[in-house]
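Note sheet for the following structure.
The values are calculated or read from the model by the stated rules, or taken from the named source; none is laboratory data. This is a predicted model, so every value here is computed, not measured. Here Cβ is always computed from backbone atoms with ideal geometry, including for glycine, and neighbour counts include all displayed protein chains.
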């Protein structure tokens, strides 16, 4: 009996840790796409333990990223971020409604059908946007941060041995992955990879796409 209890406790702890790690990766990727890389984020990313974590999920950084002067690199990355995701001119919109090919044809532009659906989904889950947020509900950073929040809720539930609550959190994550993330983020990444001039955003897009595949597999486990 004691061995069974011990095995169950270890399994629950493993599930909690996996959910925490997933939440951290979602949060990190959300920061990458939310805005230009800041000095504190760059400092954190250049630490050996952080580089090891990024390497573990497939990111390979060049000498420029590792050794270039902070100020110069931050400036270069800001220019690249603007060129890729903001414009002016041709850019790759980081919004689901532009890339999610819906059966009803309401896609390919901002504030399409997916924008409304994402807003309703997030609010129905009991979460709300920060009052200072002025962007669209289906921005990639919002969707990633939403999944990170759900994964953290799952981790907390496992930590309390509340399997019912944990599974409920997983069900919401599974639906959001199936209905939204999997429908457009891989396509978005496939557009970023060939158009990125600096290796940084190319690597981040590759990591994001790989992580989406991992999540699809993880969330569809029995």
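Some points to look at:
- Within the span defined as segment 163-173, one or more residues are touching a helix residue (DSSP H, G or I) at 6+ places or on another chain (Cβ under 6 Å), surrounded by 18 or more Cβ atoms within 10 Å (Cβ to Cβ) and closer than 18 Å to residue 28 by Cβ.
- Within segment 17-52, the set of residues being over 21 Å from residue 70 (Cα atoms) and either over 15 Å from the mean Cα position of the chain (by Cα) or in contact (Cβ under 8 Å) with a residue 12 or more places away in the chain (or both) comprises 17, 18, 19, 20, 22, 23, 24, 25, 26, 27, 30.
- Search result, residues across segment 51-79 that are closer than 21 Å to residue 212 by Cβ and in contact with a helix residue (DSSP H, G or I) (Cβ under 8 Å, 6 or more places away or on another chain): 54, 57, 58, 59, 60, 61
- Qualifying residue in segment 62-73 (condition: under 20 Å from the mean Cα position of the chain (by Cα) and in contact (Cβ under 8 Å) with a residue 24 or more places away in the chain): no
- Set 64, 76: member being within 15 Å of residue 198 (Cβ to Cβ) and at pLDDT 90 or above: 76
- Residues in segment 76-105 that are over 21 Å from the mean Cα position of the chain (by Cα) and either surrounded by 13 or more Cβ atoms within 10 Å (Cβ to Cβ) or assigned to a helix (DSSP H, G or I) (or both): 76, 79, 102.
- Of the residues making up segment 187-208, just one is buried (at least 18 other Cβ atoms within 10 Å of the Cβ), closer than 15 Å to residue 100 by Cα and in contact (Cβ under 8 Å) with a residue 24 or more places away in the chain, namely 188.
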